[in-house]
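Quick note: the coordinates plus some simple rules give every number you see, no bench work behind them. What you are looking at is a predicted structure, and each value in this text was computed from that prediction instead of being measured. Heads up, the Cβs are rebuilt from the backbone with ideal geometry, glycines too, and the neighbour counts pull from every protein chain shown.
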Amino acid sequence: MAPFMQGEGDSFWVFGYGSLIWNPGFSFVSAQLGLLRGAHRSLSIVSHHYRGTLEQPGLVFGLARGGCCRGMVFEIETARWPDVAAYLYAREMVTSVYRDVRRPVQLADGRRVEALTYLIDEKHEQFAGVLSLEDQVAMVRKAVGSAGSNVDYVLNTARHLEQLGIRDRALLALARALEAEDQAA
């Protein structure tokens, strides 16, 4: 069953911090930058499905405890919410490494909304914790999953964040390291 089937008002909200920014996969009424407090973007989930395999795992983003995260907030009309919620549940909860929760998000226009977001279950076996830049590069470089290459996933996210004016130092360092390896090869 998809979460948050009961709505308040005319809209629901979804907070995107990784691939949802550049590949939401659903229709929305509006989208704008938003700030989530209490969690930060972290490339710390071992991927055996979308961006890696059991034999060659990759890494995907999650929201880890502490700090804050800038991302995109998508407004979904109430009539479309059941379909969007079901889609997101199927997409994001494949292995239950996330906890789907509502959290307050400050929108760029000044409003504060409750948005569905996906926090890392740090007790889940796929949570990798804090990895060194070298370990991230090694995993990402080799991994390919059902949704494509892990390098493409990381670089796509970095490029889209940059286009939105969102600065994520850890992701920038990883993107530079991956691009430097490509140029050296």
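Label points 7 Å out from Cα along the Cβ direction at Arg141 and Glu77: separation in nm?
4.9
Nearest 10 degrees, 0 to 90: what angle lies between the long axis of helix 81-92 and the longest principal axis of the chain (Cα atoms)?
20
By average Cβ neighbour count within 10 Å, what is the ranking of 11-21, 35-45 from highest down?
Ranked from most to least packed, the peptides come out as 11-21, 35-45.
Over all directions, the average projected area of the alpha-carbon convex hull for the range 119-185 comes to how many nm²?
Projected area, direction-averaged: 5.5 nm².
Express in nm, to one decimal, how much length is gained between Ser30 and Ala108 on full extension, taking 0.36 nm for each residue of separation and deducting their alpha carbon distance. Could you put the intermediate results ahead of the total?
Numbers: separation 78, 0.36 × 78 = 28.08 nm, distance 1.22 nm.
Stretched fully, the Ser30-Ala108 segment lengthens by 26.9 nm.
Per residue of the chain, what 222 nm ellipticity follows from adding -39500 (n - 2.57) for every DSSP H run with n ≥ 4, rounded to the nearest 500?
So the calculated ellipticity at 222 nm is -9000 deg cm²/dmol.
Tell me which residues come under 5 Å, amide H to amide H, from Ala115 once H is placed; ignore anything under 5 positions away on its chain.
Distant-sequence amide H within range of Ala115: Arg103, Val105.
Enumerate the whole-percent occupancy of each 5 Å bin, from 0 to the last occupied one, for all C-alpha pair distances of the chain.
1, 8, 17, 21, 21, 15, 9, 5, 2, 0, 0
Quick one: helix 150-163 against the long Cα principal axis of the chain, what's the angle to the nearest 10°, folded into 0 to 90?
60
Need the full-extension length gain, Asp121 to Leu54, defined as separation in residues times 0.36 nm minus the C-alpha distance. One decimal, nm.
Working it through step by step, the gained length comes to 22.2 nm.
Given a Förster distance of 25 angstrom, what is the FRET efficiency for Arg99 paired with Ala173, based on the Cβ-Cβ distance and rounded to 0.05?
0.35
Which ³J(HN,Hα) values in Hz, rounded to whole numbers, follow from the phi angles of the range 135-143 under the Karplus curve 6.51 cos²θ - 1.76 cosθ + 1.60, where θ = phi - 60° and Gly and Pro get x?
Using θ = phi - 60°, the values come out as 5, 4, 4, 4, 5, 5, 4, 8, 8 Hz.
On a full-extension model of 0.36 nm per residue, what is the gain between Val130 and Leu164, subtracting their alpha-carbon distance, rounded to one decimal in nm?
Value of the extension gain: 9.7 nm.
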